[in-house]
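Below: one structure, written as structure tokens.
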Amino acid sequence: MSVSIHPIDDRGEWESFLESAAPQTFLHSWEWGEFNEALGDPVFRVGIYEHGALAGVALIIKVRARRGTFLFCPHGPLIASNQNEHVRALVAYLRALGKKEKAWFVRISSLFPDDSTHRAMFQKIGFRNAPIHMHSERGWILDITPSEDELLKNMRKDARYAIKKAQKDGVTVTVSRDIADIGHFWSIYQETVARQEFAAFSKKYIVAEFAAFQNFNNALLLFAYYKGEAIAGAMIIFTKNSAFYHHGASTRTHSAISGAHVLQWSAIREAKRRGCNFYNFWGIAPDNKPRNHPWFGLSHFKKGFGGSCEDYLHAQDLVLSPRYYMTYLIERIRRAKRGL
């Protein structure tokens, strides 16, 4: 088998492959690369070619963090077939690139199923489990191809009731493509961070993400209003056939009014209008976690809309330098502090 790895500079070639890839992810989109470049992180887009035909892609970000420098492949590589051979070829390329870029390790957070076959595939080529996850490794995904009536019918009873009650109480939802509204979202987001005490993204990060995707009409801000006051907000990212609930925020004001439920329902309807087949609620907590897990309440909320979970292979690390073990220790401590 003739497999080769080459950089891809053509957005059309890249996006054409992604449109047919499954599962879909915005973390491998052309926009995600531009977003990371806007933050100052070098990005490498490479194609995996078999007999000259594009058979896979990998978006690689050079992360220069205080805990160490590494190459990171988020939700990838995306490979059509022959996973073993193509991953081996890619890893050989990344090993050389990592040494050239003075990276301590390579980290791959793939969308491969969490099963013995894929665990063994990475173990055989020298990978080990990362001490932390980079993105959620258990997603909650709703098939939105049924009618709106069917989607409502398939929701948990309390979620369906919350939507109808909020609508009856006069909650309205607005949709914005205006980057100026990030400031509005940010104020709600900060309140949510203070209340729930989670590790927040910076305003610079959120502005840059929205800008990168909105350049191609692939990002929206939604706000739920009650009596003229915004009580919930969300940033939704779109790919060819999926919508992603990537950032959310809510206030404690009017807590008896479930603006978040009607906001999500509006986002689902917008995704259907765009022709999407799936609505991705992003991460949820593992089933075996206690009620005090940081994601317990949010997971319960997301599951109320119906859907199913997908478990992805845990992040895998390829060690390139003894300095990796310093990163490993720092990340183990960070994970323990976050209670994850």
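Quick note: the coordinates plus some simple rules give every number you see, no bench work behind them. Model, not experiment: these values are computed from the prediction. Here Cβ is always computed from backbone atoms with ideal geometry, including for glycine, and neighbour counts include all displayed protein chains.
Going through (1) in contact with a strand residue (DSSP E or B) (Cβ under 7 Å, 6 or more places away or on another chain); (2) more than 16 Å from Ile257 (Cβ to Cβ); (3) assigned to a helix (DSSP H, G or I); (4) in contact (Cβ under 8 Å) with a residue 60 or more places away in the chain one by one, Phe210 falls short only on (4).
Conditions (1) hydroxyl-bearing (Ser, Thr, Tyr); (2) touching a Gly at 6+ places or on another chain (Cβ under 9 Å); (3) over 21 Å from Asp178 (Cα atoms), marked per residue:
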residue: Ala219; (1), (2), (3): no, no, no
residue: Met235; (1), (2), (3): no, yes, no
residue: Phe244; (1), (2), (3): no, no, no
residue: Gln264; (1), (2), (3): no, yes, no
residue: Ala267; (1), (2), (3): no, no, no
residue: Cys276; (1), (2), (3): no, no, yes
residue: Asp287; (1), (2), (3): no, no, yes
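To keep it simple, each residue is scored yes or no on (1) over 22 Å from Trp104 (Cα atoms); (2) among the hydroxyl-bearing types (Ser, Thr, Tyr); (3) part of a strand (DSSP E or B); (4) within 18 Å of the chain's Cα centre (by Cα).
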{"site": "Ala22", "(1), (2), (3), (4)": "yes, no, no, yes"}
{"site": "Gly33", "(1), (2), (3), (4)": "no, no, no, yes"}
{"site": "Ala58", "(1), (2), (3), (4)": "no, no, yes, yes"}
{"site": "Phe70", "(1), (2), (3), (4)": "no, no, yes, no"}
{"site": "Gly76", "(1), (2), (3), (4)": "no, no, no, yes"}
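Restricting the search to strands (runs of 3 or more DSSP E) fully inside the stretch 221-340 and requiring at least 2 residues that are farther than 30 Å from Arg67 by Cα gives 229-238, 242-250, 278-283, 308-311. When Lys102 is tested against (1) on the phi < 0 side of the Ramachandran plot; (2) not small (Gly, Ala, Ser); (3) not in a helix (DSSP H, G or I), just one condition goes unmet, and that condition is (1).
In the condition set (1) farther than 21 Å from Met235 by Cβ; (2) in contact with a Ser or Thr (Cβ under 6 Å, 6 or more places away or on another chain); (3) among the polar types (S, T, N, Q), Ser255 is compliant with all but (2). If the condition is being part of a helix (DSSP H, G or I) and either out of contact with any Leu (no Cβ under 9 Å at 6 or more places or on another chain) or among the aromatic types (Phe, Trp, Tyr) (or both), then the stretch 188-200 contributes Ile188, Tyr189, Gln190, Glu191, Thr192, Val193, Ala194, Arg195.
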